[in-house]
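The values are calculated or read from the model by the stated rules, or taken from the named source; none is laboratory data. Nothing here was measured: the structure is a model prediction, and the numbers come from that model. As a convention, Cβ positions derive from the backbone with ideal geometry for all residues, glycine included, and neighbour counts pool all protein chains shown.
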Amino acid sequence: MEKIGRLLAQRRQDGLMRTVHTIEERTAGVITIAGRRYLDFSSNDYLGLAEHPNLAAAGRDAILRWGTGAGASRLLSGSQTLHRAVEEAAAVFKGKERALVYNSGYQANLGIISALCGKQDVIFADRLAHASLLDGAQLSGARLIRFAHNDPEHLRRLLARERGNYRDALIVTESVFSMDGDCAPLAELVLLKQEYDCSLLVDEAHATGLFGARGSGLAEQAGATAGADMLMGTFSKALGSFGAYCAADQAIIEYLRNFSRAFIYSTALPPAVIAANLAALEVVAAEPERRRVLQENSDFFRVELIRRGYAVRGSTQIVPLIVGENERAVRSAQALQEKGYWVVPIRYPSVPRQEARLRFSLTYHHCRAQLQKLVEDIDAVLAV
Ligand SMILES: *Cc1c(COP(=O)(O)O)cnc(C)c1O
C-alpha cells in the first residue's frame, strides 16, 4: 500500500512521529527509561493502587484458584463467581441497579454507544469527548453533533434546533476531561436531558475512585447519579488495574448483555484482573485519605503555578499547563525530562493549535516537596 510510506513520511516531517518508550522499572511513582530514573507525571494510576499489596494478593490468589485465562466469552462459558461479584460491587459503588463489565474503557464506549444508537438517532457529544466515545458514535451510524466544550447553552440550542428530527437522542460527555482536567456541568446536562427527553452517557474514566463522598466519581459529587442513564467507569486508571463497566438500570444492562457486540464477541477478562478490580473497589472504600491527599496536592500545585502567572486549566488531579506552539511544548518537556521529570507534551492534533501543553498527571505518590521543587524547575525552564 503506497499510502503507508507516504503518511509515515508526512508524520516524520511534521515532527509528530509517535514513539513508545520502554519502561524498565516502575515503583512508587518513579519510572526508569534507558537506565535513567524519572519522577513520573504521565501515569493515570492516580491513587497508586497499581502497586497496592491487596490488589496483588487478590490477583495471585485468583490465578491459583481459577487459572490465568477466562476461557471464553461470558455468554459461552458463563460468569465466574468473580465476574458476578465485581459487577454487583460496581453497581453498588456507582449507585445504579446493575453493571456490565467490558474488557476496557475503549471497548465499553464502542459497545455501549453502538448498541444503543442507530441510523435514525442523534448523538450530541462534547467537543472534547474522548476518541472512544466518538468511535462508538461512528460505529453506531447515528448522526453525530458536537457541542462546545462544557457549554450547556450551546447544547440547548442544538437540542432545540434538532427536536423532532430523530428517533432517539443521546448526550455524551466525559465527567473529568482527560486533556483539560476540568469537570463537566453534570447537573445542567441532567436538566437538559430531562427537558428534551434524551439519554445521558457519562464517561467517568478520570473521575472514578476520586470524587464524591464515596469516591465513586463526579456524578456522585454532582448529585447526577440518578439523572445520568449510563455511567461508564474504568478500572484502568485510578483503580490501578484493567477493564471497565457500564452502570445503569436493569433494563439497560439486560439490553447491553443481549445487543452489545463488544461484550458478546470478546473473551472475558482474566480472573486475576477481575479479582484485582474487586480489591481496588474495597481499597477505595477503605482508604479515602488517598483521594484526599491527591486532591490537596493537586490544588497546591495548580495554585502555585497560577500564582506565578502560568496558563493552567482545570480543577482536578490533571494539571495542563498551556505553552502555545507544538515546538515549545516539545522543548520544555525535554528540558523537564533532563531535570528528571517524566512529563509529556500534548500537541496538535490531540489538542487545538496554539494550545499545546504539558500535561501533569498527579498521583498519590507525589509529595508536597517534590511538587514544590517541580514548580521551581518549571519556572527555570519556561521563564527563559
Ligand atoms: C482512558 C479513557 C478511556 C479508555 O479506557 P481504557 O480502559 O484505557 O480502554 C475511555 N474514556 C476516557 C475519557 C479515557 O480517558
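Things worth noting here:
- Filter result for the condition that a residue is away from the ligand (no atom under 15 Å from the Cβ), polar (S, T, N, Q) and out of contact with any Cys (no Cβ under 8 Å at 6 or more places or on another chain), over ASN165, ASN109: ASN165
- Single match in GLU24, GLU51 (criterion: within 26 Å of LEU239 (Cβ to Cβ) and either at pLDDT 90 or above or touching a helix residue (DSSP H, G or I) at 6+ places or on another chain (Cβ under 8 Å) (or both)): GLU51
- Residue pairs whose Cβ atoms lie under 9 Å apart, separated by 6 or more positions or on different chains, with the first residue in region 79-108 and free of Cβ contacts under 8 Å to residues at least 24 places away in the same chain and under 20 Å from ALA285 (Cα atoms) and the second in a helix (DSSP H, G or I) and within 16 Å of the ligand (Cβ to nearest atom), are VAL92/LEU281.
- Evaluating PRO271 against the criteria (1) in contact with a Ser or Thr (Cβ under 8 Å, 6 or more places away or on another chain); (2) within 23 Å of ALA356 (Cα to Cα); (3) of a type outside the set (A, V, I, L, M, F, W, C) leaves one unmet condition, (2).
- Residues in region 13-35 that are in contact with an Asp or Glu (Cβ under 8 Å, 6 or more places away or on another chain) and basic (Lys, Arg): ARG26 only.
- Matching residues in region 27-45 - criterion: being within 16 Å of the ligand (Cβ to nearest atom) and in contact with a Gly (Cβ under 6 Å, 6 or more places away or on another chain): ASP45
- For GLY71, the requirement of being touching a residue at least 12 places away in the same chain (Cβ under 8 Å) and within 16 Å of the ligand (Cβ to nearest atom) is not met.
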